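Here's the structure, in structure tokens; my notes come after.
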Amino acid sequence: MSAIGLGCWQFSQARGFIGGFWEALAPDVVQKIVETSLGGGIDWFDTAEAYGNGASEQALAQALTQAGKRPGDVRIATKWMPVLRRASSIKATIGDRLKFLSPFPIDLHQVHQPYALSSIESQMNAMADLVRDGKIGAVGVSNYNATRMRKAHAALKARGLPLVSNQVKYSLLDRTIESNGVMAAAKELGITIIAYSPLEQGLLSGKFHDDPKLIQGRVGPRKLMPQFRQSGLERSRPLIDELRKIGQARGVTASQVALNWLLTFHGETVMAIPGATRVGHVEENVGSMGFELNAQEKAKIDELSRPFL
Ligand SMILES: NC(=O)c1ccc[n+]([C@@H]2O[C@H](COP(=O)([O-])OP(=O)(O)OC[C@H]3O[C@@H](n4cnc5c(N)ncnc54)[C@H](OP(=O)(O)O)[C@@H]3O)[C@@H](O)[C@H]2O)c1
């Protein structure tokens, strides 16, 4: 599988509380984003029930079909939203997931958040039943801390299955998982980290540093987040300047350097799922897989991003 998958939250059609984070994208833009991803070597896609209550899943399946893809050509990860629900809802909602993603199978089904009304064991058992019944290929979790990861891993192991992945927030501007035990547990147990918001929602491109007013024109709550305010931008500016410096010497961009660091600093443990609202974003992001930073460059980036550990 490609080191980068496409994050499809942006395909939510601005529907619902979670989907309203991003502007609604026109179908032809979604189509081009998906086709550019495929053309750039991306072979897997991350979506979720919560992204527009299925709107993202449907848009993805439609775009892949229109691009001439058939079941088995690409891999798809989706998620069940556990908030205020019991484990039984995993089986009750799988029909919708399969319908919205049709004709593509669900290669990875993830528990989106740790906050369910049932135990981790019950949720993992429901997921394991879906694997047994051939409805999903594998099981992952998201936003789980190290203790929860271990519980999920043990519950699945009892069913003869691996916990394939933990999807967590991870970028050069948020390295919390390196200090809270999640990265260490992933390495120990052989669980892949799927890094979400790997560009810190666009910040690592440096465009908001160049033009801080840009964020005011974006829909959604990013404009209220401290890292997008002037003081937050000044805090991250030295890192952005260094990413640009390293990038210029290589003929690549700050975003590409940031993604490449994330994918290579911890070896094979980390995959990333940058999202896109423009075709140009994907064109740029796929380019992060075509080179490898040297040890000196990685160390310098490590040093400058340590304030975000
Ligand atoms: N499991 C979870 O709880 C969870 C949470 C969050 C996200 N996710 C997943 O992770 C994916 C990615 O996370 P994310 O969307 O939060 O953050 P991200 O990938 O860090 O940022 C995506 C945004 O950054 C901008 N961007 C992307 N590439 C760019 C480039 N090359 N140059 C300039 N700007 C660029 C675009 O924003 P503009 O439109 O402003 O330009 C884009 O919408 C999501 O699509 C979703 O699948 C999962």
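Please treat every number below as a calculation from the coordinates, not as lab data. Everything quoted here is computed from the prediction, not taken from an experiment. As a convention, Cβ positions derive from the backbone with ideal geometry for all residues, glycine included, and neighbour counts pool all protein chains shown.
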In whole Å, largest first, what are the principal axis extents of the Cα atoms in the stretch 177-257? 44, 35, 20
Just subtract the alpha-carbon distance of THR176 and ALA249 from 0.36 nm times their residue separation and send over the number in nm, one decimal. 23.4 nm
Only helices counted: for the chain, with every DSSP H run of 4 or more residues adding -39500 (n - 2.57) and the sum spread over all residues, [θ] at 222 nm is -13000 deg cm²/dmol
Residue-wise, which Karplus ³J(HN,Hα) couplings in Hz belong to the stretch 217-228, taking 6.51 cos²θ - 1.76 cosθ + 1.60, θ = phi - 60°, and x for glycine or proline? x, 8, 6, x, x, 4, 5, 8, 7, x, 5, 8
Hull shadow area, averaged, the stretch 115-218 [alpha-carbon convex hull, nm²]: 8.5
Which number do you get for Rg(Cα) / (2.2 N^0.38 Å) in the chain? 0.97
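For the stretch 153-193, what value does the Rg/Rh ratio take when both radii are computed over Cα atoms and Rh is the Kirkwood radius, given to two decimals?
1.05
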Projected area averaged over orientations for the stretch 1-155, convex hull of C-alpha atoms, nm²: 8.8
Applying 1/(1 + (r/R0)^6) with R0 = 35 Å to the Cβ-Cβ distance of GLN230 and ASP133, what FRET efficiency is obtained, to the nearest 0.05? 0.10
Set the Förster distance to 35 Å, then compute FRET efficiency between ALA158 and ALA14 from the Cβ-Cβ distance, nearest 0.05. 0.25
